[in-house]
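Written below as structure tokens is the structure these notes are about.
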Amino acid sequence: MADLSEQELHNLAMNIVGKELEEQGFEFLGVNSEFKKDPQFVVLKNKKIHFVIVRAIEYPHDPKEVDMIFLETIKQHAKKFDAITYYAGVGLANSKDYELPVNSSEDYVVNYDGLQEI
């Protein structure tokens, strides 16, 4: 029973957000799954570019809590492309015991409210 690494948690969060983007009809222009390389998704919808920042947030941290100073730099970068910026904080917890880390052999709980426009 191995605890998931930061990269594995990040990939899990990206899969959750990627599925949502697909369901909402976004066209994928670029995907960067490297941990802490932003933005994770560059997508197109209605002829408009969108940057999506994905973060896997482990319990007890709040996935809705946004680091606005960091996101402001991303937003400035997005403006150069006339892009809209979104933050997707995906909360993850071990379903048996929230205090335990998420691992490969047990189910997990997802706390995700969708994209937050920045």
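No lab work stands behind these numbers, since they all come straight from the coordinates. Just so you know, these numbers come straight off a predicted model, no measurement behind them. As a convention, Cβ positions derive from the backbone with ideal geometry for all residues, glycine included, and neighbour counts pool all protein chains shown.
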What's the angle, to the nearest 10 degrees (0 to 90), between helix 68-80's Cα axis and the longest principal axis of the chain?
40
Once the in-chain neighbours fewer than 8 apart are removed, the lysines whose Cα is under 24 Å from Lys79 read Lys36, Lys37, Lys45, Lys47, Lys48, Lys64
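Just the number, please: percent antiparallel of the DSSP beta bridges in the stretch 23-118, rounded to the nearest 5. Mind showing how you got there, number by number?
Details: 15 of 24 bridges.
Around 60 percent antiparallel, to the nearest 5.
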Compute the distance in nm between two label points, each set 7 Å from the Cα along the Cα-to-Cβ direction, one at Lys36 and one at Thr73.
1.1
Simple label model, 7 Å out from Cα along Cβ direction - Val110 to Ile49, nm:
2.8
Using the Cα atoms of the chain to build a convex hull, what is its mean projected area in square nanometres?
7.1
Cα long-axis angle, helix 6-23 against the chain (0 to 90 degrees, to the nearest 10)
50
